[in-house]
């Protein structure tokens, strides 16, 4: 398994993700036990592709507590003033934001004027860096990671979230519970068929 994972990471790094790598982590969020990594600066699409080689996606932020933890953990790591990619995007349909993980959108933290699809080219969610007046709030960005002339846009670092798979014991427990429920339902059905009316 480790060899296959290493091969996937090497392939993505060499061919698909333009040398994206982890620069921080793993960090475990004590509130949800998910594992997170900080990636080197890249485009959103390259960061998402590399996230998948780690078994996750760009981070899905489900509430203010997770937002606070992600921003507090990653905004000052590496360069010390990081714009962060999150998994939110409307690349498939303008204005219809979805998480790369496929989870439902239940929490948003847009900056006052965002999302604005500036110049018709912004489809990818990011969090403003600490030095910006909008620090910690979300922005819809274009798919680049470098400073644009005349702006304060900094390189953008992806934050990966890996949700742990259920353990074999948890799956066994769920299977046993389902079997017990099935037997109880079947037993009731059999008793009702043979019960005198």
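The values are calculated or read from the model by the stated rules, or taken from the named source; none is laboratory data. Because the structure is a prediction, the values reported are computed rather than measured. Please note: Cβ atoms are built from the backbone with ideal geometry, for glycine as well, and neighbour counts cover all protein chains shown.
Collect the residues in the range 63-84 that are surrounded by 17 or more Cβ atoms within 10 Å (Cβ to Cβ) and within 16 Å of residue 108 (Cβ to Cβ), keeping them in residue-number order.
66, 67, 70, 71, 84
May I ask you to verify whether residue 78 is in contact (Cβ under 8 Å) with a residue 12 or more places away in the chain, assigned to a loop (DSSP other than H, G, I, E, B) and over 17 Å from residue 156 (Cα atoms)? Before you say what the answer is, go through the steps one by one.
Details: in contact (Cβ under 8 Å) with a residue 12 or more places away in the chain: yes; assigned to a loop (DSSP other than H, G, I, E, B): yes; over 17 Å from residue 156 (Cα atoms): no.
So residue 78 fails the test.
Just to be sure, is residue 118 surrounded by 13 or more Cβ atoms within 10 Å (Cβ to Cβ) and either out of contact with any strand residue (DSSP E or B) (no Cβ under 6 Å at 6 or more places or on another chain) or under 16 Å from residue 64 (Cβ atoms) (or both)? So that I can check it myself, show each step before the final result.
Values: surrounded by 13 or more Cβ atoms within 10 Å (Cβ to Cβ): yes; either out of contact with any strand residue (DSSP E or B) (no Cβ under 6 Å at 6 or more places or on another chain) or under 16 Å from residue 64 (Cβ atoms) (or both): yes.
So residue 118 fits the description; yes.
Identify, from the list 93, 131, 126, 101, the residue that is over 17 Å from the mean Cα position of the chain (by Cα), at pLDDT 95 or above and either in a helix (DSSP H, G or I) or assigned by TED's automatic domain parsing to the domain that holds residue 46 (or both). Full working, then the answer.
Values: 131 fails: at pLDDT 95 or above; 126 fails: over 17 Å from the mean Cα position of the chain (by Cα); 101 fails: over 17 Å from the mean Cα position of the chain (by Cα).
That would be 93, the only listed residue that is over 17 Å from the mean Cα position of the chain (by Cα), at pLDDT 95 or above and either in a helix (DSSP H, G or I) or assigned by TED's automatic domain parsing to the domain that holds residue 46 (or both).
Determine if the range 180-190 includes at least one residue that is touching a helix residue (DSSP H, G or I) at 6+ places or on another chain (Cβ under 8 Å), farther than 17 Å from residue 75 by Cα and either loosely packed, with under 10 Cβ neighbours inside 10 Å or at pLDDT 65 or above (or both).
No, there is no match, as no residue in the range 180-190 is touching a helix residue (DSSP H, G or I) at 6+ places or on another chain (Cβ under 8 Å), farther than 17 Å from residue 75 by Cα and either loosely packed, with under 10 Cβ neighbours inside 10 Å or at pLDDT 65 or above (or both).
Regarding residue 88, is this residue modelled with pLDDT under 95 and surrounded by 14 or more Cβ atoms within 10 Å (Cβ to Cβ)? Show your work before the answer.
Working: modelled with pLDDT under 95: no; surrounded by 14 or more Cβ atoms within 10 Å (Cβ to Cβ): yes.
Answer is no for this residue.
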